[in-house]
Amino acid sequence: MSFSYISHLECPECSQTYEADVINQLCACGSPLLVRYHLDQVKREWKKSELEGRKADLWRYHELLPVSDPVNVVTLGEGMTPLLELPELGREYGIRNLYMKDESLVPTGSFKARGAAVGVSKAKELGVRGLAMPTNGNAGAAWALYAARAGIEATIVMPQDAPKITRSEVALAGARLYLVNGLISDAGKIVAQEVKANGLYDASTLKEPYRIEGKKTMGIEIAEQLGWEMPDVILYPTGGGVGLIGIYKALQELKEIGWTQGKLPRLVAVQAEGCAPIVKAWEEKAERSEFWPDSTTAAFGINVPKALGDFLVLKAVYETEGAAVSVSDEEMSLEQQRIARLEGSFVCPEGAAAFAAARKLALSGWISEGERVVVLNTGAGIKYPDSVQVNPPLLEIGEYISTVVKVSL
């Protein structure tokens with residue numbers, strides 16, 4: 001058996017193929033590239049029983065990951081996050097089988113660590129010495145930290161409004177950090193120039209093929225944690241959409257090798273009302289989205305006015321008979337509070353957006369009471385300290401709790 005059954009890279013637009021053992025970025029036609037595997041061999045040679053005894057991290061699925069030599073694996077223990085039942089919240093929503101895939105517990109505090117682990121590992125294997133990327137915060141933090149572990153220099157450009165904690169992660173990792181007075185799209189233009197001028201590896205979303213492969217492990221884990229049965233619905237907060245694309249790819253691959261059967265879950269792309277290009281495109285039954293001007297939302301991670309892989313996100317939604325839903329910042333904030341009070345989980349604003357969308361879809365009847373529903377919480381709420389404002393009463397020496405008012409939000 002091989003450590004990896006990687007075969008080649010393929011363009012989903014024009015079907016052009018590329019070798020996987022050399023550096024490739026986008027297809028000549030401008031489309032992102034997808035990693036393909038020898039799935040016929042995987043089906044014959046890899047059995048579920050072989051997962052027994054393996055480490056509880058994403059590398060347990062190395063046969064369906066792109067790193068050919070285990071010596072190149074760069075890991076901080078990422079993967080196999082909890083799939084938690086949420087009975088109290090489910091009762092409030094009217095969904096009996098509500099689950100949260102909680103990505104707050106991975107290294108760096110967000111699901112971005114998955115893409116960074118696999119992306120940086122493959123970059124190391126390909127001989128990359130320097131990479132660059134734009135980010136809204138968490139992705140840059142993850143790639144900077146994993147790059148440091150791999151001995152690769154990272155150049156990170158993020159909007160000046162990005163969460164301060166992610167700035168600190170990037171800086172402490174020794175990366176070259178720059179802020180831009182604009183959006184991630186503006187940071188992307190700066191990175192593109194730097195890549196061209198200095199021959200850096202472009203680690204921008206979907207401009208390298210391997211971040212998807214790390215993100216897809218969320219889908220494999222969900223299937224394994226549910227006994228290799230498909231859920232009915234998966235809701236995912238969508239900015240660049242790599243995670244949703246990856247989950248869809250994972251479930252297709254699992255079905256092809258015979259590890260799962262039946263209909264794929266309906267995939268739901270969740271966005272903020274202040275930045276909802278995918279939702280608008282879905283409502284118009286379009287194949288691609290349009291640039292969203294003056295985008296703004298408290299859920300910084302999904303503030304992406306135009307995703308390079310929008311057509312792949314929309315394809316995943318259409319082909320699974322899914323949906324695209326937008327929610328307001330106020331709805332996110334209220335949901336964040338409800339989840340903490342009912343279930344004891346402090347989710348990130350993006351995760352709260354996905355839960356708010358689940359509430360909407362259950363109320364409308366699009367999600368029925370008996371369906372099994374998985375909501376992705378993509379990061380730790382503590383990475384967004386400004387998302388919640390509290391005003392606790394101050395006790396003077398000699399004062400007692402019974403004499404003052406309760407804490408207010």
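The values are calculated or read from the model by the stated rules, or taken from the named source; none is laboratory data. Keep in mind that this is a model prediction, so the values were computed, not measured. Cβ sites come from the backbone with ideal geometry, for glycine too, and all protein chains shown count toward neighbours. Protein only, heavy atoms only, side chains kept; ligands, DNA and RNA dropped before computing areas. Shrake-Rupley method; radii C 1.70, N 1.55, O 1.52, S 1.80 Å.
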Which residues, taken from the stretch 354-409, are in a helix (DSSP H, G or I), among the hydrophobic types (A, V, I, L, M, F, W, C), farther than 26 Å from GLY109 by Cβ and at pLDDT 95 or above?
-> LEU361, ALA362, LEU363
Scanning the stretch 376-387 for residues that are out of contact with any Ser or Thr (no Cβ under 6 Å at 6 or more places or on another chain) and among the small types (Gly, Ala, Ser), which turns out most open to solvent (accessible area, probe 1.4 Å)?
-> SER387
For the stretch 58-81, which residues satisfy the criterion of being open to solvent by 20 Å² or more (accessible area, probe 1.4 Å) and either β-branched (Val, Ile, Thr) or part of a loop (DSSP other than H, G, I, E, B) (or both)?
-> SER68, ASP69, VAL71, VAL73, THR75, LEU76, GLY77, MET80
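Of all the helices (runs of 4 or more DSSP H) wholly in the stretch 183-270, which have at least 2 residues that are farther than 26 Å from ARG96 by Cβ and open to solvent by less than 10 Å² (accessible area, probe 1.4 Å)? Full working, then the answer.
Values: elements: 184-198, 211-215, 217-225, 242-256.
Of the helices (runs of 4 or more DSSP H) lying wholly inside the stretch 183-270, those with at least 2 residues that are farther than 26 Å from ARG96 by Cβ and open to solvent by less than 10 Å² (accessible area, probe 1.4 Å) span 184-198, 211-215, 242-256.
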Answer with yes or no whether SER328 is in contact (Cβ under 8 Å) with a residue 24 or more places away in the chain, touching a Leu at 6+ places or on another chain (Cβ under 9 Å) and hydroxyl-bearing (Ser, Thr, Tyr).
-> no
Single condition LEU363 does not satisfy, out of (1) within 16 Å of the chain's Cα centre (by Cα); (2) loosely packed, with under 15 Cβ neighbours inside 10 Å; (3) not acidic (Asp, Glu) | (1)
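Condition test on VAL390, is it in contact with a strand residue (DSSP E or B) (Cβ under 8 Å, 6 or more places away or on another chain) and open to solvent by less than 20 Å² (accessible area, probe 1.4 Å)?
No; evaluated as a whole, the condition is false for this residue.
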Across the stretch 304-345, which residue is modelled with the highest pLDDT among those that are basic (Lys, Arg) and under 18 Å from the mean Cα position of the chain (by Cα)?
-> LYS315
Does GLY90 count as of a type outside the set (Phe, Trp, Tyr) and closer than 30 Å to LEU34 by Cβ?
-> no
Identify all residues within the stretch 157-181 that are hydrophobic (A, V, I, L, M, F, W, C), crowded, with 24+ Cβ neighbours inside 10 Å and under 18 Å from ARG114 (Cα atoms); write none if there are none.
-> VAL170
In the stretch 1-49, which residue that is farther than 22 Å from ARG114 by Cα and among the acidic types (Asp, Glu) is most open to solvent (accessible area, probe 1.4 Å)?
-> GLU19
What residue, among those in the stretch 49-102 that are aliphatic (A, V, I, L, M) and out of contact with any helix residue (DSSP H, G or I) (no Cβ under 7 Å at 6 or more places or on another chain), is farthest from LEU226 (Cα to Cα)?
-> VAL71
